[in-house]
Amino acid sequence: MDGLTEPLIAVIGDPIAGNPSQFAIEFALKSLDLDFRVTSFHVQQENIVAALDGLQVLDFRGVLVDDSLSMLAAAWRQGESIEEYSGSPANCLSRSGGDQGDLIATDTHGQWLSEAIQAHFAQHGDPDKSCLWLGNRSKSFPSDIVDKEQITLSTRTPTVEAVTHANLIVLSTGPKGDVPLNVDEWPTGDGSKLIVDLTDGKEEICAAAEKGYRVISALDRQIGVVSKSFQLWTDAVPSTTIIQEAIEEYLSV
């Protein structure tokens, strides 16, 4: 293909600097010998409607939306203001059947995370979930994973008793930043307890993994979003190993 006919993919964020997604997508495209053009844009929140209108008019095949803009992108697709919108975020915009029709919004983060959590508990006999949520609630977590009455909310360092009782621990940013965990005091895990890190990357989860807790990290989530979005744009399944290596290479520079 020449430059005039290559399908276009955009990566948008606020900010976009330091985002490795374009690099990862390009690596995955190259590995599958797919001719797409990928570009990144810094889109401020107040300009999201104009930006997405423009990408749609310009026939972009897909858009990867950073978390900073995902709720705004979902509201745009519904034709609502952010104050009116109450649904899930949208990390991916794609066109059904290639370049035909309007961009469709998909919560690829929620889809991937839901599948990953369900797969973990399926390996351990599908027990009832008891969730310890540390930090503020977040719409980036799938609402159908655990019943509200099974969620214990806290913005304080968890007690050993609370950690022992939970089999699902969700880490989110609290009103004063990330909640300290004091993992050194936690009991040793057997791999059945799952920690989902919704922060930008909490260092203490490495210690939790070493103590026998299964962890879904910020990197895992980013790989999952890129992979699922890639499939919607290209109808091809990328190697998650290639995506991970590209992200790690970008971040190490």
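Read-outs throughout are calculated quantities, based only on the coordinates presented, and are distinct from any laboratory measurement. Since we're looking at a predicted model, the values are computed, not measured. Every residue, glycine as well, gets a Cβ built from its backbone with ideal geometry; the counts of neighbours run over all protein chains shown.
Calculated on C-alpha atoms, the gyration radius of the range 54-107 divided by its Kirkwood radius gives an Rg/Rh of 0.96.
Derived scalar couplings between HN and Hα for the range 192-203 equal 8, 8, 10, 10, 10, 9, 9, 7, 6, x, 8, 5 Hz in order, rounded to whole Hz, by the Karplus curve 6.51 cos²θ - 1.76 cosθ + 1.60 (θ = phi - 60°), x for Gly and Pro.
Between the helical axis of 21-31 and the longest alpha-carbon principal axis of the chain there is an angle of about 70 degrees. Beta-bridge orientation, the range 110-216: approximately 10 percent antiparallel, per DSSP, counting only bridges with both partners inside.
List the relative contact order of the range 182-253 as a percent without decimals, with contacts defined as Cα pairs under 8 Å and 6+ residues apart.
So the answer I get is 25 percent.
Scaling against 2.2 N^0.38 Å puts the C-alpha radius of gyration of the chain at 1.06.
Between the Cα long axis of helix 218-234 and the first principal axis of the chain there is an angle of about 30°, rounded to the nearest 10. Peptides 7-16, 149-158 ordered by packing proxy, namely the average of other Cβ atoms within 10 Å per residue, highest first: 7-16, 149-158.
Of all DSSP-defined beta bridges confined to the chain, some 25% are antiparallel rather than parallel. For the range 110-216, a simple Cβ point-charge model (Lys and Arg +1, Asp and Glu -1, everything else neutral) yields a dipole of about 260 debye relative to the Cα centre.
Once the Cα atoms of helix 48-57 and of the chain are each reduced to a long axis, what angle between those two axes, in degrees from 0 to 90 to the nearest 10, is obtained? With rounding to tens, the tilt is 50 degrees. At an R0 of 30 angstrom, the distance between the Cβ atoms of E203 and D144 translates into a FRET efficiency of 0.50. When peptides 211-220, 23-32 are sorted by average Cβ neighbour count within 10 Å, with the highest value leading, the order is 23-32, 211-220. In terms of the mean number of neighbouring beta-carbon atoms within 10 Å, the peptides 45-51, 87-93, 112-118 order highest first as 87-93, 112-118, 45-51. For K30, the aspartates and glutamates whose Cα falls under 20 Å of its own Cα, not counting residues fewer than eight places away in the same chain, are D2, E6, D235, E245, E248, E249. Here is how the number arises for the chain: DSSP H runs of 4 or more residues each give -39500 (n - 2.57), the sum is divided by the residue count, and the result at 222 nm is -10500 deg cm²/dmol. Springs between Cα atoms under 10 Å define the GNM used for the chain, and in it the highest mean-square fluctuation of G110, G18, G62 occurs at G18.
Computed on the range 110-216, the Cα convex hull volume stands at 94 Å³ per residue.
Model label sites at T155 and D35, defined 7 Å from Cα along the beta-carbon direction, differ in position by 5.4 nm.
When the pairs K176/K228; K148/K228; K129/K211 are compared against a 24 Å limit on Cα-Cα distance, K176/K228; K148/K228 fall above it.
Amide H to amide H distances under 5 Å link T155 with G135, where only residues 5 or more positions off or on other chains count and H is placed in the peptide plane. Charges were assigned to the Cβ only: +1 to each Lys and Arg, -1 to each Asp and Glu. The resulting dipole of the chain about its Cα centre is roughly 360 debye.
Placing +1 on the Cβ of every Lys and Arg and -1 on the Cβ of every Asp and Glu, with nothing else charged, gives the range 1-87 a dipole about its Cα centre of roughly 200 debye.
When the alpha carbon gyration tensor of the range 97-144 is reduced to an equivalent ellipsoid, the three semi-axes, largest first, read 29, 16, 6 Å.
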